[in-house]
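Please read the structure below before turning to the comments.
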Amino acid sequence: MKRASIYNYKTLSIKYLLTIILTLTFQKAFSQLFDESQNPPSLEWRQLNTKNFQVVYPAGLESEARRMANTLTAIIEKVSRSYHKVPRKITVILQNQGTTSNGFVQLAPRRSEFFTIPSQEFDYQDWLNSLAVHELRHVVQFDKLAGGFKAPLESLGLAIFGITLPPWFYEGDAVVTETALTHAGRGRQAEFDLPFRANLLSGRRFSYSKNYLGSLTDNTPGYYPLGYFMTAKLRRDYGPRIMDSILSRVARAPFLPYRLSRSIKKLTGMNTRQLHDSTVAELTGLWKQQQVAAGVAPYAPINKRRTRAELNYLMPVAVAPGKTAVLRRGVGQVPAIVLLGSAGKETTLVRIGIQEEPYFRYAAGLYVWDEFRFDARFHKRSFNVVMSYDPATGAKRQLTHKTRLFAPNVSPDGQTIIAVAVSYANVISLVEMDRNGKTLREFPSPGNDMLQNPSWHASGQKVVVTGVSGKGKTLYELDCNTGKFTMLMPYLLQLISKPVYIENKILYKGQNNGTDNLMLLDPGRSTLQVTSSPYGAYNPSYDAATNRVLFNDYQPSGYNAAAISAAELSGSRPAPGSEVLPYIEPVAKQEGNRDVFDSIPAVNYPSKPYREFANLFYFHSLVPIAEENDYFNDNNYGLKLQSNNKLNTLGAYVGYQYNNALGRSEYLAGLTWSRLFPVFDLSYLNRARFTYVKRLPTSPLPDVPVSWRENAWEATMKIPLVFNRLNKTYGTGFEVSTSYVTRYGFENRPGNVVTRLKFPMSYRFYESMNTQRSARDLAPRWGQNMSVQYRHFPFENQLQGELLTFKSTFFFPGLFLNHSLQASFNYQEGSGNYDMTNDIPRVSGYSNLPPAGAVHNTLLTAYRMPLFYPDWEIGPLAYIKRFTGGFFADFENAGHGNRFAPRTFGAEVRADMNLLRFYLPDFSFSTKIIFSDAASGKKTILDAGFTYNY
C-alpha cells in the first residue's frame, strides 16, 4: 500500500508501540485465551513416550491413548511436509473429564490438549483423528515461526506467533491441512462456509476487516472459513511451497510491521486485503455457477423479522394449531424457547442456559433440551444434563445431575426420554429414562460408533439415530424391544444430521451440489433430495396433524423457520459424492490425494505412571515486568522466570525488578498450588521503601526522608466456585490471607518505627449471580455481585485497627433491548491504622476534585445503551464495530450530614474497535464529560481513556 510519508511514519510508530505493549502483555493474553483450569485431584495419570510425543492421559483411557500415540507418530511427517519442518517433541494431554469438544496448542508451557468427547455435530470421521491433524499443524506452525525460542524464552516465541500471524492465517491453514490430508475436514462441509457463501450469493460483499474481525449487525464468516479459503487460494495459485516461503520470510524479521502482509505481497504481488478481495471475487463466480446448476426454490418464513441484525429461529416444531416453537438466539438475543403465533407474534416460554450445540425437542406437552454444567471448582471437568419444561404447569426441571448426556428427545406420549451418553472411557450408548430422569435401559452403540441426535418413531418402539466412525456417517434404527441396531444406509462421506421419521421413511439433513438440503430415505429403496434451499435447509421435524414438514431455511440474516407439505415431498436423487465446491482438490493433489489415516501402525509403546510431583516445575519463560509502584507515578522494570506444570496444578516464579522511582533493586518469588479444593498462594518480595516523617509542628525544618528495605511474605487460601443453571451463572468464594513483614537497613530511622508487621489478617467472602449475555448486551440483564472484606491485626501489639469493606454491583434491564441500568453501592469503615485507607470505588473524576474528607460510601449509578453499529474501517489502523453512550450520577458519603446529591454526574460516549487488524485485544476508547457539585470547585472535567480486554 502506497501512502504519503507522514502517514507511513505515524503508522510505523503506532505499530511499534503496540508491538511493545502486546509483547509485554502476551503472557496475560494467552493465560486467558488458553485453559488454566484443573482436573479433580483423584485422577490417576499415565504416559506413553514416542520419539516426537509424550502422551499423558487418565488411567482408564488406555486404548485411546495407545491409538493416539501411534496416530500422532505416523502422521507428523505428512502434516509437516509443506513447511519442511518436523517439530521437536511435545506433550499431548488427553482430557476426558469435560463435555466440550475442543483442542488447543500452546507454548509457555509447551503442550497440546485434546478434549476427547465428540460433539453432536462434528466431522464425518473419528473425532480424535480430526483433532490430531488440525492441532499438529499448529505445532508445526509454532516451530516453523518461533521454534528457536525454547525454555526459558517460550513466552517470547508465543508473542512472536500471536503478533505476527492473524488467526485467519494459522486457523485457515490448519483447516486446509485437515481437509487436504483426510477424506473429511471442515472444508468439505457445506455448513462450514454457509454465512460466507450466503453473503456473496445475495450480493453482500463486506470488507476484509469486517469478514475477518466480525460484526455486531451482519452475519460474517469469521476467521475459520475466511482463512480456509484465503490460505487454500495461496496454495492453489502459488503451489505447495508458498506457505513455507511465507513463514520463512516472516521468521527472518518477525517484529517488522505488517510482516505477514508484506511477505505475501513480496511472493504473490498481493497484500492480505488484496488476497481477500481476489478470493471473494473467485468464490462469488464459482458459487454462482454451482447454484445455477443445482437450481433453487424459495420458502416462505413462518417467523417475522423486525431487525436486520443476525437472528436465528432454530429447530421449529409444531406444538398446536397455528403455534410453532423455536429456539431463538442471535447477536442481540440470549437463547430462549419461543412460541411463534399469528401475525409474527413471539411469546418467550423459557430462557435456556449454555449449550454445546443449539438444541431442544418437544412432544406431548413437554419440552426437553440439554445444558452444559460447570464443575464448581475443577473446571476441566464439566457435565451435560437434561432439562425439561412443562408449559401447563410452568415447571422448569433439571432431570439429571453430573451426567454426560446429549441431544435428549421425548417420546410421542411424553413419558420417555432417550439421549446419547458418553462415558469417561469414550464408550457410547443410548440411554432411555423416564420423564423424571430415572434411567430405564441402556443400549450400547454398534461398534462404539459415535451416536448423534436420536429421534422417536410415532409408535414409540423405534429410534433413528446418526452413527459416526472413521468410515463416515450412517443412520441406525434401534428396535427398543430387542435392543438391536440396524444400519439403514452405507457410510457416507458427508455431514448428515437430525434424522426424523415421516411414517416409515426418514427425513434428514444431507449434502448435495455444495448445499445442505433435506433428504428423504425410504429404507431399502431410495434416497431423494426434497428441498432446494438457495443456501441450506436444516433441522427437520414432522407434524402429523397437518402432514407438514417444518425446517430451517438459512438466509444471510440467519435461520428462518419454514414449512412445506409432506404430501409434496418429491425430488431427485442426490449426485454421487455430494461434494461441496471442490476448492481443496488442487491442494489435496499437492499432498498426494492420500488419507493420512489409511495405514496407522500398532506399536506397543510401554505405559508408565505420570508422577505429578516429579513434574511440578517447568520454567518455560522469562516474562518482562513493567508495573506501577507506589512512588512518583513511576514504574518497576524487570524480568520474571515463570514456571507452570503441564497439569496446571502448580505455578511458580522468581524474578528481579528495578524500582525506577527509588533507584533500588528488588527480588520476588511466588507459588500458586491449585491441585486441591482450596487454592494456596505464597509470595515473597524483597523491596525498597521510602516515606517522609513529619517533625514537630513548631519546627521550621522540612520533613525527614526515611528509607529502608523489607522482606514481605504473603499467604492466601481461597476457594473459588462457579456454577450455572438455565441462563444464570453463579459465583461464590472465600479468601483468607495474611502476611509477615520485616524491615531493615533504615536511613534516618524514626524512634517509633515498627520493624516487624506480624500476620495482619484479611477475610473476604463474595457471591454473584448474572444472567447470560448476548453479543450486543452491554451488561447482564439481571445481575447481583457482592463482596465483604474484613481486615485487622489480631497478632500485632504495636499496630491496631480494623477495616470493613462492602462492595456491590447490580444490573437491571434498560428501557430497550441491550440497554443496561447499573448501580454500585460501596461502603467502608476503618479505624486505627486503617483510618484513612480507601478500598472502595470512587466517584468519576475524583482525582481532579479537592479532598472531601474520609470516604464512607459511594453510590455509582449509570445507564448505558448502544448508539449504532457502523462497522467503519479506517484503513489498516482501526475497525470500529460499535458506539455506545450513557449517563451517570455518582454519590459520595450519601446520608452523611443529610447529604444525598450526586458529587459528579455527566455523560459518556465510547467506541469499541480493533486496532491495526489485531483480532485481540478488543479496545474501547471513551470520552466523558463530568460535572461536579458546587462544593468541588471545578465545575467541568473532560476525561478520555481506553481499556482493552481479551
Asn219 passes all but one of (1) within 19 Å of Phe161 (Cα to Cα); (2) crowded, with 19+ Cβ neighbours inside 10 Å; (3) polar (S, T, N, Q); which number fails?
-> (1)
For Val654: the one exception among (1) closer than 30 Å to Asp375 by Cα; (2) in a strand (DSSP E or B) | (1)
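I want to confirm something. Restricting to the range 907-924 and keeping residues that are out of contact with any Phe, Trp or Tyr (no Cβ under 6 Å at 6 or more places or on another chain) and assigned to a loop (DSSP other than H, G, I, E, B), which single residue is nearest to Pro257 (Cα to Cα)?
Residues of the range 907-924 that are out of contact with any Phe, Trp or Tyr (no Cβ under 6 Å at 6 or more places or on another chain), as a first pass: 908-910, 912, 916-919, 922, 924.
With the extra rule that they be assigned to a loop (DSSP other than H, G, I, E, B), the set shrinks to 916-919.
Values: Leu916: 10, Arg917: 12, Phe918: 12, Tyr919: 16 Å.
Here the answer is Leu916.
Part of a loop (DSSP other than H, G, I, E, B), within 30 Å of Val623 (Cβ to Cβ) and of a type outside the set (Lys, Arg): which single residue out of Gly103, Gly60, Gly98 fits that description?
Working: Gly103 fails: part of a loop (DSSP other than H, G, I, E, B); Gly60 fails: within 30 Å of Val623 (Cβ to Cβ).
Answer to the selection: Gly98.
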For the range 676-687, state whether one or more residues are surrounded by fewer than 16 Cβ atoms within 10 Å (Cβ to Cβ), at pLDDT below 90 and assigned by TED's automatic domain parsing to the domain that holds Phe765.
-> no
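Please state which one of Asn785, Asn797, Asn770 is modelled with pLDDT under 95 and either exposed (fewer than 15 other Cβ atoms within 10 Å of the Cβ) or polar (S, T, N, Q) (or both).
Working: Asn785 fails: modelled with pLDDT under 95; Asn770 fails: modelled with pLDDT under 95.
On inspection, the qualifying residue turns out to be Asn797.
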Would you check which residues across the range 619-649 are touching a Lys or Arg at 6+ places or on another chain (Cβ under 7 Å) and in the same structural domain as Glu714 (by TED's automatic domain parsing) and list them?
-> Lys646, Thr649
Run down Ala376, Ala320, Ala325 and say which single residue is more than 30 Å from the chain's Cα centre (by Cα) and either of a type in the set (Gly, Ala, Ser) or buried (at least 21 other Cβ atoms within 10 Å of the Cβ) (or both).
-> Ala320
Thr307 passes all but one of (1) assigned to a loop (DSSP other than H, G, I, E, B); (2) closer than 30 Å to Gly592 by Cα; which number fails?
-> (2)
Would you check which residues across the range 424-470 are touching a residue at least 24 places away in the same chain (Cβ under 8 Å), in a loop (DSSP other than H, G, I, E, B) and of a type in the set (A, V, I, L, M, F, W, C) and list them?
-> Ala425, Ala458
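Select from the range 219-243 the residues that are small (Gly, Ala, Ser) and more than 23 Å from the chain's Cα centre (by Cα) and write down the one among them that is modelled with the lowest pLDDT. Reasoning before the result, please.
Of all residues in the range 219-243, those small (Gly, Ala, Ser) come to 222, 227, 232, 239.
Right, trim to more than 23 Å from the chain's Cα centre (by Cα) and you get 232, 239.
Numbers: Ala232: 97, Gly239: 93.
Looking at the filtered set, the residue picked out is Gly239.
Any chance you could count how many residues in the range 516-537 are of a type in the set (Ser, Thr, Tyr) and either in contact (Cβ under 8 Å) with a residue 60 or more places away in the chain or surrounded by 23 or more Cβ atoms within 10 Å (Cβ to Cβ) (or both)? If you could, list the steps in order and put the result at the bottom.
Keep residues of the range 516-537 that are of a type in the set (Ser, Thr, Tyr), which gives 526-527, 531-533, 535.
After this cut, where a residue has to be either in contact (Cβ under 8 Å) with a residue 60 or more places away in the chain or surrounded by 23 or more Cβ atoms within 10 Å (Cβ to Cβ) (or both) as well, the list is 531-533, 535.
Summing the residues that are of a type in the set (Ser, Thr, Tyr) and either in contact (Cβ under 8 Å) with a residue 60 or more places away in the chain or surrounded by 23 or more Cβ atoms within 10 Å (Cβ to Cβ) (or both) in the range 516-537 gives 4.
Hey, any hits in the range 378-394 for a residue that's of a type in the set (Gly, Ala, Ser), without any contact (Cβ under 8 Å) to a residue 12 or more places away in the chain and assigned to a loop (DSSP other than H, G, I, E, B)? Don't jump to the end; show me each part of the working.
Pass one, the range 378-394, residues of a type in the set (Gly, Ala, Ser): 382, 388, 392, 394.
Add one more test, that the residue is without any contact (Cβ under 8 Å) to a residue 12 or more places away in the chain, and what stays is 394.
Subsequent filtering for residues that are assigned to a loop (DSSP other than H, G, I, E, B) retains 394.
Looking through the range 378-394, at least one residue is of a type in the set (Gly, Ala, Ser), without any contact (Cβ under 8 Å) to a residue 12 or more places away in the chain and assigned to a loop (DSSP other than H, G, I, E, B).
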Under the condition of being among the aromatic types (Phe, Trp, Tyr) and assigned to a loop (DSSP other than H, G, I, E, B), which residue from the range 116-146 is modelled with the lowest pLDDT?
-> Phe122
Taking the stated definitions as given, is Asp237 charged (D, E, K, R) and either touching a His at 6+ places or on another chain (Cβ under 9 Å) or part of a helix (DSSP H, G or I) (or both)?
-> yes
Among the residues of the range 874-892, the number that are at pLDDT 90 or above, out of contact with any Leu (no Cβ under 7 Å at 6 or more places or on another chain) and surrounded by fewer than 20 Cβ atoms within 10 Å (Cβ to Cβ) is 4
Residue among Leu726, Leu701, Leu662, Leu721 that is under 18 Å from Glu628 (Cα atoms), outside the structural domain of Lys396 (by TED's automatic domain parsing) and not aromatic (Phe, Trp, Tyr) | Leu662
Per the filter on the range 657-669, residues in a strand (DSSP E or B) and in contact with a Lys or Arg (Cβ under 9 Å, 6 or more places away or on another chain) are Gln657, Tyr658, Asn659, Arg664, Glu666, Tyr667, Leu668
What about Arg781, is it touching a Gly at 6+ places or on another chain (Cβ under 7 Å), within 30 Å of Arg308 (Cα to Cα) and among the basic types (Lys, Arg)?
-> no
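I'm checking my understanding of the structure. Among residues of the range 538-547 that are over 20 Å from Arg186 (Cβ atoms) and touching a residue at least 40 places away in the same chain (Cβ under 8 Å), which one is surrounded by the most Cβ atoms within 10 Å (Cβ to Cβ)? Before you say what the answer is, go through the steps one by one.
So in the range 538-547, the residues over 20 Å from Arg186 (Cβ atoms) come out as 540-547.
Okay, now just the ones that are also touching a residue at least 40 places away in the same chain (Cβ under 8 Å), so 540-546.
Values: Pro540: 28, Ser541: 22, Tyr542: 22, Asp543: 17, Ala544: 13, Ala545: 9, Thr546: 14.
Checked the range 538-547; the qualifying residue surrounded by the most Cβ atoms within 10 Å (Cβ to Cβ) is Pro540.
May I ask you to say which residue of Ala407, Ala421 is closer than 16 Å to Glu371 by Cβ, touching a Ser or Thr at 6+ places or on another chain (Cβ under 7 Å) and in a strand (DSSP E or B)?
Values: Ala407 fails: touching a Ser or Thr at 6+ places or on another chain (Cβ under 7 Å).
Just a single option satisfies the conditions, and that option is Ala421.
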Tabulated pairs, the range 111-123, first under 17 Å from Lys646 (Cβ atoms), second of a type in the set (Asp, Glu) and modelled with pLDDT of 95 or more, C-beta under 6 angstrom, 6+ apart or interchain | Ser112/Glu135
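Answer with yes or no whether Lys402 is basic (Lys, Arg) and either part of a strand (DSSP E or B) or outside the structural domain of Ser469 (by TED's automatic domain parsing) (or both).
Details: basic (Lys, Arg): yes; either part of a strand (DSSP E or B) or outside the structural domain of Ser469 (by TED's automatic domain parsing) (or both): no.
Spelling it out, it is not the case that Lys402 is basic (Lys, Arg) and either part of a strand (DSSP E or B) or outside the structural domain of Ser469 (by TED's automatic domain parsing) (or both).
The values are calculated or read from the model by the stated rules, or taken from the named source; none is laboratory data. Being a predicted model, the structure only gives us computed values, none of them experimental. Ideal geometry is used to build each Cβ from the backbone, glycine not excepted, and the neighbour counts take in all protein chains shown.
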